[in-house]
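To keep things clear, I will list the structure first and then write my remarks on it.
The values are calculated or read from the model by the stated rules, or taken from the named source; none is laboratory data. Since this is a predicted model, take the numbers as computed values, not measurements. We place every Cβ from the backbone using ideal geometry, glycine too, and count neighbours over all the protein chains shown.
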Amino acid sequence: MEQTNFPITNWSEDDKPREKLMLKGKSALSDAELIAILIGSGSRNESAVGLSKRILASVDNNLNALGKLTLQQLMNFKGIGEAKAISIVAAMELGRRRRAEEAVELKRITSSKMIFELMQPIIGELPHEEFWVLYLNNSNKVLSKSQQGKGGITGTLVDVRLVFKTALELGATALILCHNHPSGTLIASDADKQITRKLKSAGQNLDIQVLDHVIVTENGYFSFADESIL
């Protein structure tokens, strides 16, 4: 027999926030409704939303203040046991960590020297070659850096499709290519020039610029852009 879809008014009080999130998205929920999802259920005399409103009222509806409550303080509320208190504390801590990460300023690349300083600790002293890509936004700030190839001392293999798949996923508008020369030689090989041309050509079709290719060694670097061979 075909199931009937019940209107939201027929759902239990504890289920309404979950269904509202599914139908309208997370931003449509109040703070109390989001907390109600965390604690899952209320009691016989109070819904999860009602209980959440009561907890929020105790801290003047301030989420920062809520995040400072201890497990014991939360468990003092009727209807909040250890498991529910732990869920709230864990969620508040995740929120705090997310804010901390967002506060970290993205590094803006303004020179080849900055690229060297960023990548030398990562690849400058390796005994084998690695190929990395820095993904930048339209302000030349580094969104991400990713190893895209690893090989022996003689060279690396780079998947051009994967490089640009990652760029599109990140919303990057520019790339900086980097690889190391374990030998210490600061000369671009024919293979280095070939992969640079290949990636630059692929990027043009996607409106993603290749701004530079920097070869990194333990003590120095070579920049394609500085040498006007990009």
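Structure values in brief
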| item | result |
| --- | --- |
| Residue match in the range 74-87 (condition: within 30 Å of VAL214 (Cα to Cα), of a type in the set (A, V, I, L, M, F, W, C) and within 26 Å of the chain's Cα centre (by Cα)) | no |
| Top-ranked residue of the range 176-193 - restricted to ones that are surrounded by 23 or more Cβ atoms within 10 Å (Cβ to Cβ) and of a type in the set (A, V, I, L, M, F, W, C), ranked as nearest to GLY220 (Cα to Cα) | CYS178 |
| Candidate set: the range 52-100, residues that are in contact with a Lys or Arg (Cβ under 8 Å, 6 or more places away or on another chain) and within 22 Å of ARG18 (Cβ to Cβ); chosen: the one surrounded by the fewest Cβ atoms within 10 Å (Cβ to Cβ) | PHE77 |
| Index of the failed condition, ASP192 passing every other in (1) of a type in the set (D, E, K, R); (2) more than 16 Å from ILE109 (Cβ to Cβ); (3) assigned to a loop (DSSP other than H, G, I, E, B) | (3) |
| Subset of the range 197-230 [surrounded by fewer than 19 Cβ atoms within 10 Å (Cβ to Cβ) and either assigned to a strand (DSSP E or B) or of a type in the set (Val, Ile, Thr) (or both)] | GLN209, ILE229 |
| Hey, ILE37 touching a Lys or Arg at 6+ places or on another chain (Cβ under 7 Å) and modelled with pLDDT under 90 or not | no |
